[in-house]
Each structure stands twice: as structure tokens, then as C-alpha cells.
């Protein structure tokens, strides 16, 4: 099941040329670009790990694409997203974020039912990838 | 035959193409604003020509690989290395070689770290900042310290080399420094020398050129010499050139600054209100008060 999260999530994955055009747009708006990665695809997992520092003083997409590729090399089987942070007063938050790398195999989510008092059932979802596997081992190819 | 196959660009001469691409204006501007520097200008002209021809070749379906434009500027102090580097970023932007056309000027301090593992991120940070523009490394020979083989400068050089090779179309690296020391630097870093296609030597300015520079500087500041002052300043240049620590245009700028100080002091002595003319005109006596005249020649009495 293909994870859809952030901007452009229902489009096919962006090519590097398309990514660099998006970066160009972000830079022209003066947004700071950051890279984040995770191997926990749960939709409520908001805080991903940062790859390096947010990039404030870059003027060309090539530099950021270089970082994206460095991150892909380091975490080829993780989700990597690119975030653009607008620091202007009143916004001060991430205004754009899209996935630039995903694991080769995404097994999807299972529905977890838990019995509560009085035959109540609570539902939640859990990624097959994260089941009983610690962080860092969840998408390894040898399973 | 398809109507669109005959290339429409054939009737266009390269000259016409050069004019229409806006490159001509850039070159003219360069000619107008930079005095002398013939080797530099001709090299920029060559590069411009190549880029225009490359565009033509591309239209014809021929292989057109952008040339490597890493440069090395050598020359004595004050010959305009930094100034040209600043202009180079603009020029390359207008020629369409770099995308953003900003200049990041750094020295050893900005590239080399203080402890193990500090240099690589620091250098990469600078390189990322410069991408899409020009990275100007002033006094580049300081990067390499032959006396200390564990110096972190070497690491910085290696990263630079890698980027100069792999990101050739993302940034242009310009090294600058004094000629003899740059030669030693290249001697011990042959990889660096071979990756730099353009070694441009900045010649010293002649007296006439220095005079022209002085005139340009004054014009920018809304000052001018009066009729007597100009030949006196010409003499000043001649004398100053023979003294030690002469730094070409930089010395001229400093001399003009001092002349302006004397001019201001002289105006203070006036009781009447000052005219616009008085505020802009530098006189011979402002120049003649300089130490250069006192040191060099029998004292010349100030005319007025």
C-alpha cells in the first residue's frame, strides 16, 4: 500500500527534476528547507528525525538536491520527506512537505481491534512493517 | 522535406546572435567600468563567444557540453581580483552559465575547521551556499600548509576538488592570490591545477590607467579634480608607484580618501557658506600636502 502523505501525495513520485523545481519555488518564497526521515509510517507519527540542519541560507536547488541524495544514500529504505518552513510572522510553521523517498516494499496497515469493557471495540491501525520490529529493522530486505 | 527542418538560425550571424542575447551589453559594461585588465576582458569575451556558439551547436543537434569555468586569478595587491570576481558572477549569470549569479567570498577560516571532523561539514556548508553562483576563495594558498601535514586544509581541498569535478554545472570556483604563492600552492596540489581551466594573470596598472581609475572613483563619489589638481595627482601616482607597499588601485583609493580628508579640513577654515562647487572640487594643495611628495622630492610650494 503506497503511503500518501503531504503535498502531491496522490501524484506519482516526483522525479529529481520536478523536486528541484519545487525546491526552487520554496527558495523563491524564502522558506527554509529541511529533510526528515522515518521508518514508522503511522499517519499520527508527526515528528520525523531531521537529517542535518534546516537549510536557511541556500540559494540554489542543486545544493538541496545534493543533501536529498546524501539522505537517500544513508537511508535508502526509509521514508524521506522534504519540508519547507515559513518563518514569517503569523505563519511560523511548515507550509509544504512532500515525500522524496520511500521503501521499496510498503506492506500497508492492519486494523487492530481491542476489546473494551462492555463489548466495546476500539479500532486502531498498525503498519505491518513496524510489527514487532524495532526501529531501524522494519523494512530490511531479509524478512 | 518538412518545412521546419531547415534550421532557421542559419541566416543569423554569430555577431547578430551575440548582440541579441544581451551578452554584448554585459561586455560593453565591463569595458566601461573596468579600466585596463586586457587579459581578463579578452578571456571573458572568449567564454561568452563559446557559450553563444554552443547554443548554436545545440540548435543544430550537435554535442554542446558546457565548458569548465573554474578560474584562478593571480596578481599583485590591488589589481582588481576581487572586483572582477564580483563582476564575473553577474557576467556568468547574464551569459546563462550559472543560475543565480551570487558570489560567496570566503577565506581559509570559512572552509577549514578547528578539530577533526569539523572541516568537511564546514566546507560543504559553504559549497551549498555558493551553488548556483560563484565561490570565490581569496588567498587560496593558505588552504595548504606544507609545514603541517596533519593540517585540515588538505581535507577541505579534497572536498573542493570533488565538487569542482562532480558539480561542474552547479557552481564556479574562483581562486585568487598572489602569483608566486599560488604557483607553490598548485605545485603541491596538481589535482587543483588541472581542474582549473583558466589561469588569468592580472597585470599591474600603468600610470595612465591608475589616473583613469582615480577619475572613475571620484566620479562615483561626486568629486572632481580642478585643472591644477589633475597633473599634480598624476605626479603623485608616479612617485607613489616607486615607494614600497604600492597596492595599485587600493593605494589610489586610500590616497583619494586622504585627499578628501584634507579637502574637508580646508573647507572648515572658510567663514562663508560653501557652494556646491567648493564641496566637490579637490584642489592641488589637498594633494600636495601628502607625505609622498615630502619624501620623494625637494619641497614644491603649494600654488594657492
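No lab work stands behind these numbers, since they all come straight from the coordinates. Since the model is a prediction, treat every value here as computed from it, not as a measurement. Reconstructed Cβ throughout: ideal geometry from the backbone, glycine too, with neighbour counts over all protein chains shown.
Couple of notes before you dig in:
- Base-10 log of normalised Debye intensity for the protein assembly as shown (one unit scatterer per alpha-carbon) at q = 0.11, 0.13 Å⁻¹: -1.04, -1.22
- On Cα atoms only, tilt of B:229-242 relative to the major axis of chain B in degrees: 60 degrees
- Between helix B:38-59 and chain B: long-axis angle, C-alpha atoms, 0 to 90°, nearest 10: 30 degrees
- Cα convex hull, segment B:102-151: 65 Å³ per residue, rounded to a whole number.
- P(r) tail fraction, segment B:65-127 - alpha-carbon pairs more than 15 Å apart, %: 64 percent
- The DSSP beta bridges internal to the protein assembly as shown are antiparallel in roughly 55% of cases.
- Centre-to-centre, using Cα atoms only, segment B:162-234 and segment A:1-69 are separated by 40 Å.
- Convex hull per residue volume in Å³, alpha carbons only, for segment A:1-80: 105 Å³
- Computed helical MRE - 222 nm, chain A, DSSP H runs ≥ 4 contributing -39500 (n - 2.57), nearest 500: -6000 deg cm²/dmol
- Overall, the anisotropy analysis places segment B:156-304 in the prolate class: the square-rooted eigenvalues a ≥ b ≥ c of its C-alpha gyration tensor yield a/c not less than 1.5, with a/b exceeding b/c.
- Relative contact order of segment B:97-143: 55 percent, from C-alpha pairs under 8 Å at least 6 residues apart in sequence.
- Where Rh is the Kirkwood radius over Cα pairs, Rg/Rh for segment B:167-252: 1.15
- Folded to 0 to 90 degrees: helix A:61-74 orientation relative to chain A principal axis, Cα: 30 degrees
- Near-label residues of segment A:95-130 by backbone N, under 17 Å of a point 7 Å along Cα→Cβ of residue A:45: A:98-112, A:124-130
- If you run the Gaussian network model on chain A, springs between alpha carbon atoms under 10 Å, then out of A:28, A:87, A:114 the most flexible one is A:114.
- Per residue, the convex hull volume that the Cα atoms of chain B enclose (Å³): 185 Å³
- Within a Gaussian network of chain A (alpha carbon springs, distance under 10 Å), most fluctuating of A:110, A:72, A:122: A:122
- Rg and Dmax of segment B:1-136, both derived from C-alpha coordinates alone, stand at 18.8, 68 Å.
- Cα-projected label distance for residue A:8 with residue A:121, points at 7 Å along beta-carbon direction, nm: 4.0 nm
- Calculated over chain A, the projected area of the Cα convex hull averaged across directions stands at 10.9 nm².
- Cβ-to-Cβ counts within 10 Å put A:112, A:100, B:26 in ascending order as A:112, B:26, A:100, the fewest first.
- Full extension of the chain between residue B:271 and residue B:64 yields a length gain of 67.6 nm, computed as 0.36 nm times the residue separation minus the alpha carbon distance.
- The Cα center of segment A:79-97 and the Cα center of segment B:67-94 differ in position by 37 Å.
- Sorted by Cβ neighbour density within 10 Å, fewest at the top, the residues A:4, B:79: A:4, B:79
- Relative contact order computed over chain A (Cα-Cα under 8 Å; 6+ residues apart), in percent: 26 percent
- In chain B, the DSSP-assigned H stretches of four residues or longer account for a calculated mean residue ellipticity at 222 nm of -16500 deg cm²/dmol, using -39500 (n - 2.57) per stretch and the full residue count as denominator.
- More than 18 angstrom apart: percent of Cα pairs within segment B:151-210: 44 percent
- Alpha carbon Rg of segment B:209-277, scaled by the compact-globule rule 2.2 N^0.38 Å: 1.20
- Neighbour-count order for B:30, B:267, A:14, B:143, fewest beta carbons within 10 angstrom listed first: B:267, A:14, B:30, B:143
- Relative contact order of chain B, taken over Cα pairs closer than 8 Å and 6 or more residues apart, is 19 percent.
- Of the Cα atoms belonging to segment B:91-241, the radius of gyration and Dmax stand at 19.9, 62 Å.
- Computed over segment B:75-174, the quotient of the alpha carbon radius of gyration and 2.2 N^0.38 Å is 1.10.
- Modelled FRET efficiency - R0 56 Å, residue A:106 with residue B:158, Cβ distances, 0.05 increments: 0.90
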